[in-house]
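> Quick one: the structure is below, and I'll ask about it shortly.
The values are calculated or read from the model by the stated rules, or taken from the named source; none is laboratory data. All figures in this text were calculated on a predicted structure; none of them were measured in a lab. Neighbour counts run over all protein chains shown; Cβ positions are idealised from the backbone, glycine included. These accessible areas exclude ligands, DNA and RNA; they are computed on the full protein's heavy atoms, side chains included. Shrake-Rupley method; radii C 1.70, N 1.55, O 1.52, S 1.80 Å.
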Amino acid sequence: MVDFALTEEQKELQRVVRQFVEKEIIPVAAEYDRTEDYPWDIARKVFDLGLLNAEAPEEFGGGGLSTLESCVLAEEFGFGCAGIATALFANDLAIMPIIIAGTEEQKKKHLGALCSEFQMAAFCLTEPEAGSDASGITNKAVKDGDDYIINGRKCFITNGGVANLFSVFVSTDKEKGHKGLSTFILNGEMPGISKGKREDKMGQRASDTSEVIFEDVRVPAANLLWNEGDGFKIAMMTLDRTRPSVGALAVGVARRALEESTKYSLERIQFGMPIAMNQAIQFLLADMAKDVEAARLLCWQAAWMADQGMRQSKESAISKAFASDIAMRITTDAVQVFGGYGYMKEYPVEKLMRDAKLLQIYEGTNQIQRGVIAKALLMP
Ligand code: CAA
């Protein structure tokens with residue numbers, strides 16, 4: 001059976017988040033974009049609502065949301081502000097390795113701490129020489145008695161400058177390439193962790209994107225997820241799970257651009273009539289609407305498959321690439337519908353366009369997504 005309807009509980013979740021976004025995020029999004037301040041107040045309120053770390057199981061204090069429900073959440077936050085949404089969802093990305101690979105004890109300790117006390121988290125994979133090629137990681141962990149000593153520097157880390165929990169991917173055996181990568185959970189109190197440069201970004205400026213530096217950080221072996229050498233697999237499984245919500249965040253951005261364009265096209269008078277009367281505008285709006293619907297369904301499908309425990313690397317990649325590509329096109333077209341005003345900061349659409357660009361880049365560029373899709377087709 002195919003069922004496209006949300007349950008009453010899921011609709012209620014959507015309603016609560018939509019209301020929150022309207023009241024708490026939309027009025028301040030432009031200001032956060034301008035100042036680049038970190039949205040601490042908003043994150044705190046989302047934590048109080050029980051919607052930060054939303055995918056952490058309830059037994060450890062989390063929201064217990066399914067991947068599909070996480071998509072519903074991501075679309076609404078993305079509608080409000082992609083930068084703020086990214087800051088919030090970085091927590092879900094950071095805890096996913098623990099959800100996937102943590103023992104009961106590790107979940108209790110790390111998820112328990114994150115869910116009981118308000119704090120942000122960061123997923124530390126990327127390095128200057130290891131972006132798309134995640135197997136090229138050179139940050140390393142060396143065994144020392146019952147501990148490991150971690151050294152290195154990560155870059156482009158969402159929440160890197162504000163996090164108190166870090167899931168960190170390092171090499172424990174350089175000779176073994178991707179089979180020599182391992183995942184550790186670090187917390188901010190460990191001596192030797194510091195933040196480096198904070199990036200000054202084109203869009204999504206409310207989210208913190210920083211370097212994270214590890215200097216002789218001593219980490220107990222108990223903080224290793226699964227075994228040495230399992231890090232690459234954990235990273236790939238994590239991204240399979242989180243890419244549908246990146247897609248859903250993009251759907252939110254695109255839906256916002258469509259709504260703003262529709263409203264404006266009915267208000268803006270040229271040649272004695274609303275510009276919406278022109279077929280050229282109508283077709284732009286129609287194309288936006290059809291792609292928003294298609295993208296949402298792709299994200300929900302990939303999420304649903306994850307919730308059924310099915311391998312969905314291909315569907316996740318399709319949903320993320322399709323949704324972020326259409327978000328880029330739709331936000332660009334929205335600026336076109338607004339004409340000269342669309343280019344000005346006084347109106348919301350230029351921000352949507354700047355914010356959308358990053359969605360085609362992070363959590364795997366859309367070229368990498370196409371590589372994953374092609375591999376699944378050619379080497380199933
Ligand atoms: N699940 C489980 N295992 C997987 C897997 C998956 N989805 N994908 C690959 N693997 C396994 C393979 O089975 C293989 O295992 P064996 O060695 O045992 O055979 C191994 O991993 C290597 O697989 P590949 O040969 O396919 O690896 P590759 O190097 O050719 O390609 C890649 C991998 C898809 C390019 C990968 O490196 C990738 O996804 N790169 C992009 C990285 C990325 O998304 N970075 C984003 C950073 S996070 C971020 O942006 C967040 C933020 O701050 C907002």
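> Under 8 Å between Cβ atoms, at least 6 apart or on separate chains: pull out the pairs that start in segment 139-160 with a residue that is closer than 17 Å to Gly177 by Cα and in the same structural domain as Ser210 (by TED's automatic domain parsing) and end on any residue that is among the polar types (S, T, N, Q) and open to solvent by less than 40 Å² (accessible area, probe 1.4 Å).
Qualifying pairs under 8 Å: Asn139/Ser171; Lys140/Ser171; Lys140/Thr172; Ala141/Ser171; Ala141/Thr172; Ala141/Ser182; Val142/Thr172; Gly152/Asn139.
> Being touching a Lys or Arg at 6+ places or on another chain (Cβ under 7 Å) and not in a loop (DSSP other than H, G, I, E, B) is true for just one of Ser261, Ser210, Ser265. Which residue is that? It would help to see each step written out before you state the result.
Details: Ser261 fails: touching a Lys or Arg at 6+ places or on another chain (Cβ under 7 Å); Ser265 fails: touching a Lys or Arg at 6+ places or on another chain (Cβ under 7 Å).
Testing whether each residue is touching a Lys or Arg at 6+ places or on another chain (Cβ under 7 Å) and not in a loop (DSSP other than H, G, I, E, B) leaves just Ser210.
> Moving on. Checking the condition open to solvent by less than 30 Å² (accessible area, probe 1.4 Å) and in contact with a helix residue (DSSP H, G or I) (Cβ under 7 Å, 6 or more places away or on another chain), which residue from Ala289, Ala317, Ala376 passes? Before the answer, list the steps.
On the way: Ala289 fails: open to solvent by less than 30 Å² (accessible area, probe 1.4 Å); Ala376 fails: open to solvent by less than 30 Å² (accessible area, probe 1.4 Å).
Being open to solvent by less than 30 Å² (accessible area, probe 1.4 Å) and in contact with a helix residue (DSSP H, G or I) (Cβ under 7 Å, 6 or more places away or on another chain) holds for just one of Ala289, Ala317, Ala376, which is Ala317.
> To continue, here is another question. Answer yes or no as to whether Pro380 is away from the ligand (no atom under 16 Å from the Cβ) and either outside the structural domain of Leu258 (by TED's automatic domain parsing) or of a type outside the set (Phe, Trp, Tyr) (or both). It would help to see each step written out before you state the result.
Details: away from the ligand (no atom under 16 Å from the Cβ): no; either outside the structural domain of Leu258 (by TED's automatic domain parsing) or of a type outside the set (Phe, Trp, Tyr) (or both): yes.
No.
> Out of everything in segment 327-372 that is among the small types (Gly, Ala, Ser) and farther than 27 Å from Leu93 by Cα, what residue ends up being surrounded by the fewest Cβ atoms within 10 Å (Cβ to Cβ)? Full working, then the answer.
Going residue by residue through segment 327-372, those that are among the small types (Gly, Ala, Ser) are 327, 334, 339-340, 342, 356, 364, 371.
Pick out the ones that are also farther than 27 Å from Leu93 by Cα and you get 334, 339-340, 342.
Working: Ala334: 30, Gly339: 12, Gly340: 8, Gly342: 23.
Checking each candidate, the answer is Gly340.
> Let me ask another. Determine the pairs where a residue that is assigned by TED's automatic domain parsing to the domain that holds Asp208 and at pLDDT below 95, located within segment 85-110, has a partner that is open to solvent by 10 Å² or more (accessible area, probe 1.4 Å) and within 16 Å of the ligand (Cβ to nearest atom) with Cβ atoms under 7 Å apart, the partner being 6 or more residues away or on another chain.
Pairs that qualify, where the first residue is assigned by TED's automatic domain parsing to the domain that holds Asp208 and at pLDDT below 95 and the partner is open to solvent by 10 Å² or more (accessible area, probe 1.4 Å) and within 16 Å of the ligand (Cβ to nearest atom): there are none.
> Please list, ordered by first then second residue, the pairs with beta carbon atoms under 6 Å, 6 or more apart or interchain, first in segment 37-53 and more than 21 Å from Thr67 (Cβ to Cβ), second in a loop (DSSP other than H, G, I, E, B).
That search, which allows pairs on different chains as well, returns Tyr38/Val162; Tyr38/Asp208; Pro39/Ala206; Arg44/Phe118.
> Before we move on, is Ser167 touching a residue at least 60 places away in the same chain (Cβ under 8 Å) and either under 17 Å from Ala87 (Cα atoms) or in contact with a Lys or Arg (Cβ under 7 Å, 6 or more places away or on another chain) (or both)?
Values: touching a residue at least 60 places away in the same chain (Cβ under 8 Å): yes; either under 17 Å from Ala87 (Cα atoms) or in contact with a Lys or Arg (Cβ under 7 Å, 6 or more places away or on another chain) (or both): yes.
For Ser167, the condition - touching a residue at least 60 places away in the same chain (Cβ under 8 Å) and either under 17 Å from Ala87 (Cα atoms) or in contact with a Lys or Arg (Cβ under 7 Å, 6 or more places away or on another chain) (or both) - is met.
> Further question on the same structure: Just for segment 145-161: of the residues that are touching a helix residue (DSSP H, G or I) at 6+ places or on another chain (Cβ under 8 Å) and on the phi < 0 side of the Ramachandran plot, which one is least open to solvent (accessible area, probe 1.4 Å)? Walk me through how you get there before you give the answer.
In the first step, residues of segment 145-161 are kept if they are touching a helix residue (DSSP H, G or I) at 6+ places or on another chain (Cβ under 8 Å); the result is 146-148, 158-159.
From what is left, the residues that are on the phi < 0 side of the Ramachandran plot are 146-148, 158.
On the way: Asp146: 125, Asp147: 36, Tyr148: 10, Thr158: 33 Å².
My answer is Tyr148.
> Still on this structure, please answer the following. Report whether or not Arg241 is more than 30 Å from Met288 (Cα to Cα) and open to solvent by 40 Å² or more (accessible area, probe 1.4 Å).
Working: more than 30 Å from Met288 (Cα to Cα): no; open to solvent by 40 Å² or more (accessible area, probe 1.4 Å): yes.
No.
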